[in-house]
Amino acid sequence: MSTAVAPPLPRSQRLRRGLTDRPVIVLGVVFVVFYLVTALLDPSLFTMRGLRSILLLACPLAIFAAGQTLAFLTGGIDLSVTMTANVAAYVAATQSGAGPVQALALALVVGAAAGLVNGVGIGIFRVHPLIMTIGMSSVLLGLVSVGLSSGGFLSGPTVVPAVLETVGGGTLVGPVPLNAVVWAVVSVVLVLGLARTGLGRNIYGVGDNPLACRLSGVKVWQVLIATYVIVGVLAAIAGLLISGSSGSVGPSQTNSFLLPSIAAAVIGGTSILGGAGGYGGTIVGALVLTVLNRLLLTLGVGQAVQQLVYGAIVLALAWVYVAVSGQRSD
């Protein structure tokens, strides 16, 4: 009795499958190309200061995108991350008089609370993540508006804690900003957590096949609540870093990060349908989008043209990734 041996795949298919397993390679090439093109137009990027500016801006975007990556892996999305960040930054600024530890702790509690409500709505009451997080964003905007009104709970003096200004805008060494330390810690925790913890495996499982997870005894609602709490805390961290780098807070200060955070996760290879992807690709995706934004600013194009070019390149990158990686069924 003989067994048939499958013929080896053509070299092109082997290459595509290899790139499917390692999307960071594709994005790394794109990042290098974008960086060199932008640096040729703006030679300051060849300096330590120019590299630092890229890392400084990429850090909060990558942390926002970390939350979106987790939500995507469960088959969801979080459109409330920027408003969560805004409220957390306001709470830290208004409570700075009580001390930095209490101010930062309260800000993180705000993020966790917003994520908890999202998780309960999505995991227990089965509200679609898109609807639930849009609603949460509106609720948080209303809370900020009420809090800033005369006599509201956010109407006092807003002073960004000094520790946030140091971490958000300071330099560790050479071109490495201090906020990159926070980014590095978040990256290590997420990459290892997704790969080596029960929660990480369950996040992938829920996104891939929630029914099979339920039948195998996994409490899907608990996984979703835990996921969105983490997303909320990540959003609060990003908001705190942005307030520290700018030295101010505002009700719409981080809103411009919403779409790029989604794009960074998608470009990084995380499926919005759930169950596939990871934070490694998202990291490079955030760097690519940060350099892209710098390129558009260097070209001096108007806001409308910036949006047009930005959207076109994001779509092109997504198409190129799919075309290069190919289908698993090939």
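The values are calculated or read from the model by the stated rules, or taken from the named source; none is laboratory data. Treat the numbers as computed from the prediction; the structure is a model and nothing was measured. Cβ coordinates were reconstructed from backbone atoms using ideal geometry, including for glycine residues, and neighbour counts include every protein chain displayed. Keep in mind that these areas ignore ligands, DNA and RNA; they rest on the heavy atoms of the full protein, side chains included. Shrake-Rupley method; radii C 1.70, N 1.55, O 1.52, S 1.80 Å.
Restricting attention to the range 147-176, report how many residues are outside any loop (DSSP other than H, G, I, E, B), out of contact with any Gly (no Cβ under 7 Å at 6 or more places or on another chain) and touching a residue at least 24 places away in the same chain (Cβ under 8 Å).
Of the range 147-176, the ones outside any loop (DSSP other than H, G, I, E, B) are 147-148, 162-169, 171-173, 176.
Subset that is out of contact with any Gly (no Cβ under 7 Å at 6 or more places or on another chain): 147-148, 162-163, 166, 171-173, 176.
Okay, now just the ones that are also touching a residue at least 24 places away in the same chain (Cβ under 8 Å), so 147-148, 162-163, 166, 171, 176.
The number of residues fulfilling the criteria is 7.
So which residues in the range 190-236 are more than 23 Å from Ser137 (Cβ to Cβ), among the polar types (S, T, N, Q) and part of a helix (DSSP H, G or I), if there are any at all?
Listed by number, the residues that qualify are Asn202, Gln222.
Which numbered condition in (1) open to solvent by less than 70 Å² (accessible area, probe 1.4 Å); (2) among the β-branched types (Val, Ile, Thr); (3) at pLDDT below 90 is the only one that Val5 fails?
(1)
Quick one: is Ser252 within 17 Å of Cys59 (Cα to Cα) and not aromatic (Phe, Trp, Tyr)?
Values: within 17 Å of Cys59 (Cα to Cα): no; not aromatic (Phe, Trp, Tyr): yes.
Answer is no for this residue.
Within the range 135-147, which residues are of a type in the set (A, V, I, L, M) and surrounded by fewer than 16 Cβ atoms within 10 Å (Cβ to Cβ)? Let's see the steps before the verdict.
First, pick out the residues of the range 135-147 that are of a type in the set (A, V, I, L, M): 136, 139-141, 143-144, 146.
Result: Val139, Val146.
Inspect all residues belonging to the range 51-66 and state whether any of them is of a type in the set (S, T, N, Q) and over 23 Å from Ala162 (Cβ atoms). Talk me through it step by step, then tell me what you get.
Start the filter on the range 51-66 by keeping residues that are of a type in the set (S, T, N, Q), which leaves 53.
Then drop every residue that is not over 23 Å from Ala162 (Cβ atoms), which leaves none.
Taking every residue of the range 51-66 in turn, none turns out to be of a type in the set (S, T, N, Q) and over 23 Å from Ala162 (Cβ atoms).
Looking at the range 277-297, is at least one residue free of Cβ contacts under 8 Å to residues at least 60 places away in the same chain and part of a helix (DSSP H, G or I)?
If we filter the range 277-297 for residues that are free of Cβ contacts under 8 Å to residues at least 60 places away in the same chain, which is where we start, we get 296-297.
Okay, now just the ones that are also part of a helix (DSSP H, G or I), so 296-297.
Yes, because at least one residue in the range 277-297 is free of Cβ contacts under 8 Å to residues at least 60 places away in the same chain and part of a helix (DSSP H, G or I).
Does Ala103 satisfy the condition of being assigned to a helix (DSSP H, G or I), without any contact (Cβ under 8 Å) to a residue 60 or more places away in the chain and crowded, with 20+ Cβ neighbours inside 10 Å? Explain how you work it out, then say what you get.
Details: assigned to a helix (DSSP H, G or I): yes; without any contact (Cβ under 8 Å) to a residue 60 or more places away in the chain: yes; crowded, with 20+ Cβ neighbours inside 10 Å: yes.
Yes; evaluated as a whole, the condition is true for this residue.
In the set Gly193, Gly200, Gly217, Gly244, which member is without any contact (Cβ under 8 Å) to a residue 60 or more places away in the chain and over 24 Å from Gly269 (Cβ atoms)?
Working: Gly193 fails: over 24 Å from Gly269 (Cβ atoms); Gly200 fails: over 24 Å from Gly269 (Cβ atoms); Gly244 fails: without any contact (Cβ under 8 Å) to a residue 60 or more places away in the chain.
Just one listed residue meets the conditions, Gly217.
From the list Val229, Val249, which one is modelled with pLDDT under 95 and in contact with a helix residue (DSSP H, G or I) (Cβ under 8 Å, 6 or more places away or on another chain)?
Testing whether each residue is modelled with pLDDT under 95 and in contact with a helix residue (DSSP H, G or I) (Cβ under 8 Å, 6 or more places away or on another chain) leaves just Val249.
How do the pairs read when you match residues in the range 65-93 that are open to solvent by 10 Å² or more (accessible area, probe 1.4 Å) with residues anywhere that are of a type in the set (D, E, K, R) and at pLDDT 95 or above, using Cβ under 8 Å and keeping only pairs 6 or more apart or on different chains?
none
Could you say whether any residue in the range 206-217 is within 20 Å of the chain's Cα centre (by Cα) and of a type outside the set (A, V, I, L, M)?
Among the residues of the range 206-217, at least one is within 20 Å of the chain's Cα centre (by Cα) and of a type outside the set (A, V, I, L, M), which makes the answer yes.
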